[in-house]
Amino acid sequence: MADFIIERFHEDPPRKNKFMRKAHVRVFTDAQLVQGYSWVRAHEHQAEYRQQCRLWRFGLGTGLRQAEIIHQRKGTTIVETDSGGATVSVNAEWSKTGRPRVTPCTPELVPFLILWLQDRSEGEYLFHKVNGSPYTTRTLERWWNEVCELAGLPNLDGLHGARHTYATQELMSGRLELWQVSQFLGHSKFSITVDNYAWAFAELAYQDHTDPQWRDVALCKDKPALRIAG
């Protein structure tokens, strides 16, 4: 995906395209995702950055809201071993719309998620304190900001920028349709999805459908010998 497709939305979108009139989301470009995942790979084995790096991968790999992430339990994460995919379940109590849903994880997250779930030394939540209780949304936001700052990336809309990037990348790759993005993100109205992401869906006809470099960087395919963090 060409960087200009995303960067032009950092300012007021042009009025001539009906799909761009209400678009206001800010997402990472392909080059910025390469930069971010490269930093994560270099630091995710260090104890002081372990949770921050997990959050980066999980946020971009699921598109969940902050409250949904902090209450994500290992027992509600399902790995489909036959298909090689994985899903996360969002409890109605923590969903913004009050409705439960199941969201697929991106292929770039799945191998790491499998290892996290195999770690029996940790507690019930994917992200939890020493006493086993979940972190606060403020902590997650601080972690996200730390990764962006240390990796030299713009903050965008904080952790919510991961949600926008997830939706945009899944649409641009052709993995998901617009109605599926609406369902998996838990939007209360389809019009919300259209307002935010129809421009990305419209751009599908103009891209070359080649997988961007950041996907290989995220999966460590450019360095096969590199150990995946557990």
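Please order T97, T137 by the number of other Cβ within 10 Å, starting at the fewest.
Working: T97 12, T137 15.
Ordered by Cβ neighbours within 10 Å, fewest first: T97, T137.
What whole-number volume per residue, in cubic angstrom, does the convex hull of the C-alpha atoms of segment 55-117 give? Show your work: numbers first, answer last.
Numbers: hull volume 4.8 nm³, N = 63.
Once divided by residue count, the hull of segment 55-117 is 76 Å³.
Could you list S83, S95, S89, S191 so that the one with the fewest beta carbons within 10 Å of its beta carbon is first and the one with the most is last? If you can, show how the numbers build up before the last one.
Details: S83 8, S95 18, S89 15, S191 12.
Placing the least packed residue first, the sequence is S83, S191, S89, S95.
Counting Lys and Arg as +1 and Asp and Glu as -1, each charge on the Cβ, what is the dipole of segment 93-184 about the Cα centre in debye, to the nearest 20?
Numbers: 9 positive and 11 negative charges, 52 e Å.
I would put it at about 260 debye.
If you wrap a convex hull around the alpha carbons of segment 102-207, what volume per residue comes out, as a whole number of Å³?
On the way: hull volume 15.4 nm³, N = 106.
In segment 102-207, the Cα hull volume divided by residue count equals 145 Å³.
No value in this document is a laboratory result; all are computed from the given coordinates. Being a predicted model, the structure only gives us computed values, none of them experimental. Here the Cβ is made from the backbone with ideal geometry for all residues, glycine too, and neighbour counts use every protein chain on show.
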